[in-house]
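Some notes on the structure that comes next.
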Amino acid sequence: MHSTHNEPATVASIDLPRYLGTWFEIARLPMRHEPKDFTDITAHYSLQDDGKVRVRNRALDGKGELQESIGQASAVDDSNSKLEVTFLPAGLRWIPFTKGDYWILRIDPDYTTALVGSPDHKYLWLLARQPALDDATMQDYLAHARAQGYDLADLVHTPHTGHPTA
């Protein structure tokens with residue numbers, strides 16, 4: 001069991017139907033399953049018949065080839081601001097400790113910009129509905145991440161080349 005000390009605060013609640021759709025990754029903390037040479041990273045969320053959320057992540061790799069991973073997210077509670085996400089094949093999703101925490105830390109009222117992180121501060125994503133975000137908004141959201149305890153020294157800014165992956 002992990003401690004709740006210094007866990008980031010999430011938004012009070014998320015209107016899940018408004019959150020669905022395509023998001024462009026603007027920036028992220030480095031992670032092994034998203035190499036630094038990936039570009040045009042998008043996440044598309046859609047509601048499944050069972051009430052869980054289908055997650056389709058797409059990117060262009062260093063060779064310009066489309067990479068895709070399909071996962072599933074489920075809300076931890078009624079707020080919908082804390083999700084557990086797995087990218088394991090459907091038959092293996094029962095295995096414990098294979099889900100990642102996907103906490104929505106901040107979102108604008110129009111659901112056009114979102115800051116998402118993990119409670120252990122290892123993962124962070126700045127997402128937007130468009131492939132670019134104005135600098136003032138980006139800096140405001142990144143300042144929010146720093147205030148929540150995220151170290152942004154190695155932040156990766158995701159290039160969007162105009163090649164569609166969504």
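The values are calculated or read from the model by the stated rules, or taken from the named source; none is laboratory data. The model shown is predicted, which means the values in this text are computed figures rather than measured ones. Reconstructed Cβ throughout: ideal geometry from the backbone, glycine too, with neighbour counts over all protein chains shown.
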Quickly run through the stretch 89-117 and pick out the residues that are buried (at least 19 other Cβ atoms within 10 Å of the Cβ) and modelled with pLDDT of 95 or more. TRP103, ILE104, LEU105, ARG106, ILE107, THR113, ALA114, LEU115, VAL116, GLY117
Quick one: in the stretch 58-82, of everything that is free of Cβ contacts under 8 Å to residues at least 24 places away in the same chain, under 17 Å from TRP103 (Cα atoms) and within 15 Å of the chain's Cα centre (by Cα), which residue is surrounded by the most Cβ atoms within 10 Å (Cβ to Cβ)? GLY71
Name every residue in the stretch 60-89 that is in contact with a Pro (Cβ under 9 Å, 6 or more places away or on another chain) and either farther than 23 Å from LEU105 by Cα or among the small types (Gly, Ala, Ser) (or both), in order of residue number. ASP61, GLY62
What is the number of the single condition among (1) surrounded by fewer than 16 Cβ atoms within 10 Å (Cβ to Cβ); (2) within 15 Å of the chain's Cα centre (by Cα) that GLN139 does not meet? (2)
Under 6 Å between Cβ atoms, which residue pairs at least 6 apart in sequence (or on different chains) link something in the stretch 143-166 that is at positive phi with a partner that is surrounded by fewer than 16 Cβ atoms within 10 Å (Cβ to Cβ)? GLY149/ASN6
By residue number, the members of the stretch 134-156 that are within 14 Å of GLU7 (Cα to Cα) and among the hydrophobic types (A, V, I, L, M, F, W, C) are ALA145, ALA147
So if I check each of SER79, SER69, which one is among the hydroxyl-bearing types (Ser, Thr, Tyr) and part of a strand (DSSP E or B)? SER69
Would you mention how many residues in the stretch 2-51 are on the phi < 0 side of the Ramachandran plot and assigned to a loop (DSSP other than H, G, I, E, B)? 25
From (1) in contact with a His (Cβ under 6 Å, 6 or more places away or on another chain); (2) assigned to a strand (DSSP E or B), pick out the condition that doesn't hold for GLY149. (2)
